[in-house]
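*Asks:* Quick one: the structure is below, and I'll ask about it shortly.
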2 protein chains.
Amino acid sequence: MSDPALNLNHASQVLSAPLRLDGGQSLDGVCLAYETCGRLNADKSNAILLFHALTMDQHVVSDHPKTGKPGWWQKSVGPGKVIDTNRFFVICVNVLGGCMGSTGPASIAADGRPWAMRFPVITIRDMVRAQVALLDAFGIDQVHAVVGGSMGGMQALSFAANWPERTRAALVIASTARHSAQNIAFHEVGRQAIMADPKWRGGDYHAGGKGPENGLAVARMAAHITYLSEAGLTDKFGRRLQDRTAKTFGFDADFQVESYLRHQGLSFTDRFDANSYLYITRAMDYFDLAEEHGGKLADAFAGSTARFCLISFDTDWLYPTAESRTIAHALNAAGAPVSFVELSAPFGHDSFLLDVPAQDRVIAGFLNQ
Amino acid sequence: MSDPALNLNHASQVLSAPLRLDGGQSLDGVCLAYETCGRLNADKSNAILLFHALTMDQHVVSDHPKTGKPGWWQKSVGPGKVIDTNRFFVICVNVLGGCMGSTGPASIAADGRPWAMRFPVITIRDMVRAQVALLDAFGIDQVHAVVGGSMGGMQALSFAANWPERTRAALVIASTARHSAQNIAFHEVGRQAIMADPKWRGGDYHAGGKGPENGLAVARMAAHITYLSEAGLTDKFGRRLQDRTAKTFGFDADFQVESYLRHQGLSFTDRFDANSYLYITRAMDYFDLAEEHGGKLADAFAGSTARFCLISFDTDWLYPTAESRTIAHALNAAGAPVSFVELSAPFGHDSFLLDVPAQDRVIAGFLNQ
């Protein structure tokens, strides 16, 4: 990560104006923490605003400061990579409501105490509005493209719909224009798991001691299953036992998949704030781009002149191909240029983060036009 | 339910011999609580052993004593119904490990205290072995058919494979011959939710006060999503709001699907024991009929002379059609007579409990041969 060619930069910016929120409130002194990679050119025309997914953050290229693991899209972003930072200036911002430096429920409110559950409920559009303000601070009038997978794709859609003049292209991967009943249901299970943990204490766990780690771990476990395909889980684990030759007839993690899930749950609690999880999942559940635009999805894109590219994965059952197709039809109806491809990959929803060469070709082809 | 034509009977039976368990232990004085409907004929040849699913019990026809709701297959079992009790004597037994009268972790052990987590881990075959002993007590050498959906189907398969001379037919609905990694994963989330609840207290919550109701409710919520199809949830709830005209920008159950899930979770805790949930899900996760028979599923049915009927549902993603197809292929390889049909129904896994006329025709046709 010391490669000077990366031009890697971490910083944070306090927005100069109060941020108006969809819920009616406004937030003063919003701080946004971000990572940039590459160099902004002289006419500020080569920026790509990359949005992260629910449980990620701004550490796209750099190793994660808490886990030490590689950035979540290190394989795709960098000099000569699919998103080529020799050409583009990539910005990724920890979302509003997050817990990696941007203002969220763990931040300190005006009274000197953490916001906790007094933090206003935010929307995907609020997250994007904050990032548009950051572009203003950078003096970037228009980005080359907005790019995101999963919740990042929701932000890309929201950006293109609500700030159409601010981007020339939008790349939306494994995403949806609205959260389905099943999507909401899985998130609600996670929220109830957190809120049922006595250590959550109505959200006021920041003062000391452990937060609702057990509840957050259960939430993460439930969500994690939705990120993987049934076939992918079977390939990876099947019914194989964990470090033993026979079932123990007990409640230990006999099966590898149990051990894996428990690890996913526990390790998540080391790097994520439980209240942030509540607020960000709520924002995703509230997301319904058509509803924001009078109920007709095509109307959301009426003012757009951007090019669109949609990618879905055949094994993604969280945001299945039908969701991307709905967006493609709406873009067609709005007369927007759109290419849409369903890729075959065995990894389920998480395919967008993994090694899928066909995805690389689509992304590079779209961004380099 | 006072209809004398039903010949409805509730009773329980203590097994005279110790019950040998797959885990190596044996259990003395096992009690099985059951419901029967119809009359056993003189040569005891008209019995149907009906197995219940994970969260059901012996109340097939009778209203549930705790919830007051109709029995879980009241629509299908009774005089002149699909399983016609004018002809058949239907027996349904609360499974070993259950909490509605049969011996389980809430039962009192020899030392006068509840078994709790000292109860031995049981298997699907153990559940069936106990019920075979009950048939012995009834003097029933061979039943007309074994019938079950979901976990009930696993028991039907286990019965036909391990006690092939004891049934002439096996009807297996929406089930599987082994739990997949994804199936295990969802159960593990539920178990972790229960065990993370401080009121679980290592399983020793029976002494007084509330048990791990929050954890059990979260477990039920997560599982309940898997019983329904995405399209079914969308049809039933979509993104409709609950008793309000606009989002509240809070964490109340804004969406109907949230309210529904919370209700499902809470009401479950009124009728189900958390430790029973741990033991029964464990038994399901351990189920792998091929593994029990040397690794080849066809070998499980080598000794069988029974007729088989398999039903799957196109929207069931918990035990999808491919699982039934695997069983059908194994039965073909074993030379067993089998009919297999995938039915179209919008309700997901729960279709077998709901109004699917095509299912009625298949069941009646198979049982009345």
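What follows is calculated from the coordinates using simple rules that are stated; it is not laboratory data. Just so it is clear, the model here is predicted, and its values are computed rather than measured. Every residue, glycine as well, gets a Cβ built from its backbone with ideal geometry; the counts of neighbours run over all protein chains shown.
*Asks:* Hey, which aspartates and glutamates would be in cross-link range of A:Lys210, C-alpha to C-alpha under 16 Å, not counting anything within fewer than 8 residues on its own chain?
*Replies:* Filter leaves A:Asp197, A:Asp270, A:Asp273, B:Asp197.
*Asks:* What aspartates and glutamates sit close enough to B:Lys75 to cross-link, taking a C-alpha to C-alpha distance under 18 Å and skipping anything fewer than 8 places away on the same chain?
*Replies:* Here the aspartates and glutamates satisfying the reach criterion relative to B:Lys75 are B:Asp3, B:Glu35, B:Asp57, B:Asp63, B:Asp84, B:Asp350, B:Asp355, B:Asp360.
*Asks:* Okay, next question. Find out how many positive minus negative residues lie around A:Leu367, taking Lys and Arg as positive, Asp and Glu as negative, among other residues whose Cβ is under 15 Å from that of A:Leu367.
*Replies:* +3
*Asks:* May I ask you to report, in nm to one decimal and beginning with the shortest, the distances from A:Ala42 to the same position in the other copies, taking label points 7 Å along Cα-to-Cβ?
*Replies:* Those label-point separations list as 10.8 nm.
*Asks:* Same structure, new question: For label points placed 7 Å from Cα toward Cβ, what is the shortest-first list of nm distances from B:Arg271 to its copies?
*Replies:* Inter-copy label distances (nm, one decimal, shortest first): 4.3.
*Asks:* Calculate one ³J(HN,Hα) per residue across region B:250-264 by plugging θ = phi - 60° into the Karplus curve 6.51 cos²θ - 1.76 cosθ + 1.60, and present them in order as whole Hz with x for glycine and proline.
*Replies:* x, 10, 5, 6, 5, 8, 4, 5, 5, 4, 4, 5, 4, 5, 4
*Asks:* Within the set of other residues whose C-beta is less than 12 Å from the C-beta of A:Glu342, count the net charge using Lys and Arg as +1 and Asp and Glu as -1. The partial results should precede the final answer.
*Replies:* Values: positive: A:Arg325; negative: A:Asp314, A:Asp316, A:Glu323.
Neighbourhood net charge equals -2.
*Asks:* Would you mind telling me which residue in B:Gly153, B:Gly202, B:Gly215 has the biggest mean-square fluctuation in a Gaussian network model of chain B, where springs connect alpha carbons within a distance under 10 angstrom?
*Replies:* Sorting by GNM fluctuation, first place goes to B:Gly202.
*Asks:* Would you please give the FRET efficiency between B:Ser16 and B:Thr245, computed as 1/(1 + (r/R0)^6) with r the Cβ-Cβ distance and R0 = 56 Å, to the nearest 0.05? Present the calculation step by step, with values, prior to reporting the outcome.
*Replies:* Values: r = 64 Å, r/R0 = 1.14.
Computed FRET efficiency for B:Ser16 and B:Thr245: 0.30.
*Asks:* Alpha carbon centre of region B:90-168 versus region B:227-278: separation in Å?
*Replies:* Value for the Cα centre distance between the two parts: 32 Å.
*Asks:* Let me ask something else. Please give the Cα centre distance for region B:295-362 versus region A:300-356, rounded to the nearest Å.
*Replies:* Their Cα centres are 35 Å away from one another.
*Asks:* Rounded to the nearest 5, what % of the DSSP beta bridges within the protein assembly as shown are antiparallel ones?
*Replies:* 35
*Asks:* While we're on this one: Given label points at 7 Å from Cα along Cα→Cβ, what nm distances, shortest first, separate B:Gly238 from the same residue in every other copy?
*Replies:* 4.5
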